[in-house]
Amino acid sequence: MSRSHVTLPDTNVPFPSAAAGGRSGEQALIARVLDGDRIAARELYDAHVTRVFRLAFRLTGDDERARELTQDTFIRAFSQLARFRGDSALATWLYRVTLSVASNLRRKYRRLERETDLTAVADLATGGPREADPDLRDQMAAAIDGLPEIYRTTFVMHDVEGYTHSEIAGVLGVAEGTCKSRLFIARGMLRKVLAPFMKE
Amino acid sequence: MQDDRFEQPLQDAARAYHEPPELDAPTRDAMWEQIDARRAHGVSSRAWWAHPWVGIAATLIIGIGIGRFAPFDRGAPATPATTTVASANTASPLPALYEPTTSQYLGQTAALLVSLPAETHGGRADAQFISRATNLLLTTRLLLDSPAARDPKLRSLLDDLEPVLAQIVRLQAGENTTDLDLINQAMEQRDVMPRLRTAAADLSAD
């Protein structure tokens, strides 16, 4: 279950707290933003937008929705920035906002999307939809889409985007052990989807 | 529990899952412009009723409702001899029972229409906004079927608002800006907002 199981994709974007000059630099930047400095706001945006957008795209799978989610995340973050107390890194707080906004958008688009629940994942494992769509990659993508949100978020953040359990736990506000358990369950569900293909 | 056979396919799946495109500078700048503009206009996640215009619009429209309908109910309509809007006083009286609902409805509808540009992004509106529009559409249809619609001015307004609200409700499934354009066109062609302002001005002259 370690991170070494997964060859991380192009997550060579640094965790932005360092890019922004450390926690003290971060606090100074936040203070400038709260003073109404638009250049500082743009600096904050530039420091974090790539990671936020990447996470947004992984969660939505759609360019337009990812941009909408990214924009809404920053709008909400700027409007609530005064409430940020610095208990965690700004990036951690920002990803928390991203997930919250994503959850709202997910509800918004629920009617428009094919929702795959646990039963559907089980159906995939039994081979039901396999005849209709035999492509493994598509099956896996559908299975990941169909994971319950808490498992999907954990899987996407850890195995797809390369966040550490510590980072994910900070973002989700759960214990690291909970995070590991969720990832274990998520991977177990996905293995069920893979199993019929591995027998061939 | 671990099975190495699954690791490579899982890695592949993870790598391929919703692989993000490169965030190029134009896209980054375009998103920032949207964010900066929305911040400048004070559009945030705060509750819709916290926006200043809601109070203004609600006050305005409730004033219209009270000003228009209260005299009828008293059976002694104000009859300024010089007014140019005397036609309003030829209307059937609005039953007192419907006054609060009508006033509330007019205020909420005005607030919704005023907020339409800010609440729609890429031709879509969020679920809360759509829910408000749906409730107002239902109220519109109930009022149209009620004795309140005996007032010709109110009926005319309800007749015009009904298709506008119906189109707003459709924005929940909108994939482009066409529906929004149609709404704006309908509002312009029917002079919905100017008529509300004119009505307010007429009433203030009574």
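The values are calculated or read from the model by the stated rules, or taken from the named source; none is laboratory data. All figures in this text were calculated on a predicted structure; none of them were measured in a lab. Glycine gets a Cβ as well: all are built from the backbone with ideal geometry, and neighbour counts include every protein chain shown.
Tabulated data
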read-out	value
Segment A:42-59, residues that are crowded, with 22+ Cβ neighbours inside 10 Å and in contact (Cβ under 8 Å) with a residue 24 or more places away in the chain	A:Leu44, A:Ala47, A:His48, A:Val49, A:Arg51, A:Val52, A:Arg54, A:Leu55, A:Ala56, A:Arg58, A:Leu59
Candidates B:Ala127, B:Ala96 - the one that is modelled with pLDDT of 75 or more and of a type in the set (Gly, Ala, Ser)	B:Ala127
Counted residues, segment B:139-155 - those being out of contact with any helix residue (DSSP H, G or I) (no Cβ under 9 Å at 6 or more places or on another chain) and assigned to a helix (DSSP H, G or I)	1
Qualifying residue in segment A:163-172 (condition: assigned to a loop (DSSP other than H, G, I, E, B) and within 15 Å of the chain's Cα centre (by Cα))	yes
Residue in segment A:25-47 that is modelled with pLDDT under 85, out of contact with any strand residue (DSSP E or B) (no Cβ under 7 Å at 6 or more places or on another chain) and part of a helix (DSSP H, G or I) present	yes
Filtered residues of segment A:46-104 (kept if within 11 Å of chain B (Cβ to nearest Cβ), of a type in the set (A, V, I, L, M) and under 18 Å from B:Leu23 (Cα atoms))	A:Val49, A:Val52, A:Leu55, A:Ala56, A:Leu59, A:Ala66, A:Leu69
Residue identified as under 14 Å from A:Val33 (Cβ atoms), surrounded by 23 or more Cβ atoms within 10 Å (Cβ to Cβ), over 15 Å from the mean Cα position of the chain (by Cα) and not assigned by TED's automatic domain parsing to the domain that holds A:Thr154 among A:Ala77, A:Ala82	A:Ala77
Qualifying positions in segment B:166-195 - at pLDDT 70 or above and under 18 Å from A:Glu64 (Cα atoms)	B:Leu171
Members of segment A:168-186 that are at pLDDT below 90 and not β-branched (Val, Ile, Thr)	A:Gly170, A:Leu172, A:Gly173
Failed item in (1) at pLDDT 90 or above; (2) outside any helix (DSSP H, G or I), with A:Gly128 passing the rest	(1)
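Results for (1) at pLDDT 90 or above; (2) loosely packed, with under 14 Cβ neighbours inside 10 Å; (3) facing chain A (nearest Cβ under 7 Å), shown as yes or no for each residue.
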site: B:Gln11; (1), (2), (3): no, no, yes
site: B:Ala16; (1), (2), (3): no, no, yes
site: B:Leu23; (1), (2), (3): yes, no, yes
site: B:Pro26; (1), (2), (3): yes, yes, no
site: B:Ala30; (1), (2), (3): yes, yes, no
site: B:Glu33; (1), (2), (3): yes, yes, no
site: B:His41; (1), (2), (3): no, yes, no
site: B:Ser45; (1), (2), (3): no, no, yes
site: B:Trp48; (1), (2), (3): no, no, no
